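Participant: Right, I'll just put the structure down here and ask away after.
The values are calculated or read from the model by the stated rules, or taken from the named source; none is laboratory data. As the structure is a prediction and not an experimental result, all values here were calculated from the model. With ideal geometry, Cβ positions are generated from the backbone for all residues, glycine too; neighbour counts draw on all protein chains shown.
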Amino acid sequence: MSTLTLDYILDHTQPSDPEWEAKAAAHVEELAIPPWSLGQVLTLGVKLAGIQRTIHPNVDKKVILTMAADHGVAEEGVSAFPQEVTMEMVKNIVAGGAGVNILGKASGAEVRLVDMGVIPDMPDLVASGAVIDCKIAHGTNNMRKGPAMTREQAIAALEAGARVADDLIHKEGVQLLGTGDLGIGNTTPSAAILAVMGEYPVTAVTGRGTGVDNAGLLNKIQVIKDAIRINDPNPADALDVLMKIGGYDIAGIAGMILGAAVNQTPVVVDGFISTAGALIAKGLCPSAADYMIASHQSQEPGHQMMWQTLMMRPLLNLDFRLGEGTGAAVAMHLVECAARCMNDMLTFEEASVTNGLA
């Protein structure tokens with residue numbers, strides 16, 4: 001497996017290349033269409049050019065990494081589902097029957113499941129290759145009672161996610177990654193991360209997650225307030241935020257984004273939990289944001305605030321609230337469209353079409 005370290009990533013990640021973006025924009029101006037008449041798809045094509053350092057970007061090989069973990073804070077009743085559903089959904093994804101499997105297949109993306117910290121062990125699934133074993137611990141600690149994990153565990157989780165991405169890029173030639181999550185209770189740490197790093201009121205960023213009722217929502221808000229008060233995470237230190245009020249799935253997502261960025265590979269960021277990981281990744285390494293593609297805006301009330309904090313505009317708004325990588329899967333088709341426009345559309349000269357604006 002890869003030996004990529006967090007220190008190496010922070011020292012070696014370069015921003016995307018504005019010169020290649022300029023070349024790509026000039027190429028778009030020559031396409032045999034009214035200027036920029038494919039809007040965000042062409043803007044995305046230019047972004048891909050800056051990431052891959054070519055006006056002919058290629059995203060043929062796509063993989064969604066669904067990071068799975070349990071959360072100690074689930075014992076506070078913050079989810080409508082019991083904690084054992086995490087493992088049950090692991091089995092559903094491995095069997096190919098989950099939302100991310102279906103939508104990933106439709107976009108030509110393979111789905112890989114990574115055990116970052118699920119409570120049950122799964123030796124048979126790991127041995128068969130169905131699950132990538134990066135387990136840091138059997139779930140986080142309850143962040144309402146103290147830090148979710150140690151600083152060492154947070155770094156280990158980040159590096160694990162980065163190494164999985166690094167291996168996919170170098171050993172399998174993956175050209176486009178997508179983030180995904182799985183873990184009962186994980187909207188709670190995600191909302192907490194947003195409240196701290198975006199400096200928003202907890203009440204504004206906290207939603208119903210899997211569908212808690214009004215009493216459940218009020219309880220969830222109080223749990224997050226208590227966790228922030230007890231742990232006092234430093235908004236300027238993303239690692240401190242992650243270890244105190246994060247999760248292993250969120251850490252794995254942040255790590256895979258960092259692993260993609262250091263390898264100049266685009267990564268499609270999924271929903272609320274994934275975007276919490278994106279906040280951590282950018283907090284650790286600001287240049288990593290250049291490699292992120294904002295897939296969609298979910299129904300979680302804080303998700304729009306996350307994109308605003310990242311200064312990114314999501315491609316889609318489909319009222320999703322599932323996670324798993326489903327939004328990334330759908331958005332990957334648009335990324336493919338952007339790459340194909342850059343590669344396959346003819347210019348005015350090539351098509352023998354008169355450019356009325358020339």
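Every residue, every condition in (1) crowded, with 16+ Cβ neighbours inside 10 Å; (2) within 20 Å of I293 (Cβ to Cβ), yes or no:
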| position | (1), (2) |
| --- | --- |
| A109 | yes, yes |
| G117 | yes, no |
| G139 | yes, no |
| A156 | yes, no |
| G173 | no, yes |
| G183 | yes, no |
| L194 | yes, yes |
| E199 | no, no |
| V202 | yes, no |
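Participant: Taking the criterion of being buried (at least 17 other Cβ atoms within 10 Å of the Cβ), over 17 Å from the mean Cα position of the chain (by Cα) and acidic (D, E), would at least one residue in the range 51-66 satisfy it?
Facilitator: no
Participant: Testing S352 on (1) buried (at least 18 other Cβ atoms within 10 Å of the Cβ); (2) among the small types (G, A, S); (3) more than 20 Å from L177 (Cα to Cα), one condition comes back false. Which one is that?
Facilitator: (1)
Participant: If you don't mind, another one. Please give the helices (runs of 4 or more DSSP H) falling wholly within the range 205-300 in which 1 or more residues are of a type in the set (K, R).
Facilitator: Working: elements: 214-231, 238-245, 248-262, 272-284.
Per the criteria, 214-231, 238-245, 272-284.
Participant: For residues in the range 1-27 being touching a residue at least 40 places away in the same chain (Cβ under 8 Å) and within 25 Å of H333 (Cβ to Cβ), which is farthest from the chain's Cα centre (by Cα)?
Facilitator: This residue is H27.
Participant: Could you list, in sequence order, the residues of the range 301-346 that are among the charged types (D, E, K, R), part of a helix (DSSP H, G or I) and buried (at least 17 other Cβ atoms within 10 Å of the Cβ)? It would help to see each step written out before you state the result.
Facilitator: From the range 301-346, those among the charged types (D, E, K, R) are 313, 319, 321, 324, 336, 340, 344; that's our starting set.
Right, trim to part of a helix (DSSP H, G or I) and you get 336, 340, 344.
Across the range 301-346, the qualifying residue is only E336.
For (1) crowded, with 24+ Cβ neighbours inside 10 Å; (2) farther than 22 Å from L177 by Cα; (3) without any contact (Cβ under 8 Å) to a residue 24 or more places away in the chain, each residue gets a yes or a no:
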position: I230; (1), (2), (3): no, yes, no
position: I250; (1), (2), (3): yes, no, no
position: M256; (1), (2), (3): yes, no, no
position: A260; (1), (2), (3): yes, no, no
position: N263; (1), (2), (3): no, no, no
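Participant: Scan L182, L218 and give me the residue that is closer than 17 Å to D115 by Cα and not small (G, A, S).
Facilitator: After ruling out the rest, the residue left standing is L182.
Participant: For the subset of the range 221-250 comprising residues that are charged (D, E, K, R) and touching a helix residue (DSSP H, G or I) at 6+ places or on another chain (Cβ under 6 Å), which member is nearest to T66 (Cα to Cα)?
Facilitator: Step one: list which residues in the range 221-250 are charged (D, E, K, R), which gives 225-226, 229, 232, 237, 240, 244, 249.
So of that shortlist, the ones also touching a helix residue (DSSP H, G or I) at 6+ places or on another chain (Cβ under 6 Å) come out as 225, 244.
Working: K225: 28, K244: 22 Å.
This residue is K244.
Participant: Separate question: From G104, G146, G99, which residue is closer than 21 Å to A328 by Cβ and surrounded by fewer than 22 Cβ atoms within 10 Å (Cβ to Cβ)?
Facilitator: Going through G104, G146, G99 in turn, just one is closer than 21 Å to A328 by Cβ and surrounded by fewer than 22 Cβ atoms within 10 Å (Cβ to Cβ): G99.
Participant: Please state which one of V205, V164 is among the β-branched types (V, I, T), under 24 Å from S107 (Cα atoms) and in contact (Cβ under 8 Å) with a residue 60 or more places away in the chain.
Facilitator: From the options V205, V164, the qualifying one is V164.
Participant: Follow-up. Could you list all residues from the range 1-46 that are out of contact with any Asp or Glu (no Cβ under 7 Å at 6 or more places or on another chain) and modelled with pLDDT under 95?
Facilitator: none
Participant: Looking only at the range 19-61, count how many residues are under 26 Å from E349 (Cβ atoms) and assigned to a helix (DSSP H, G or I).
Facilitator: 25
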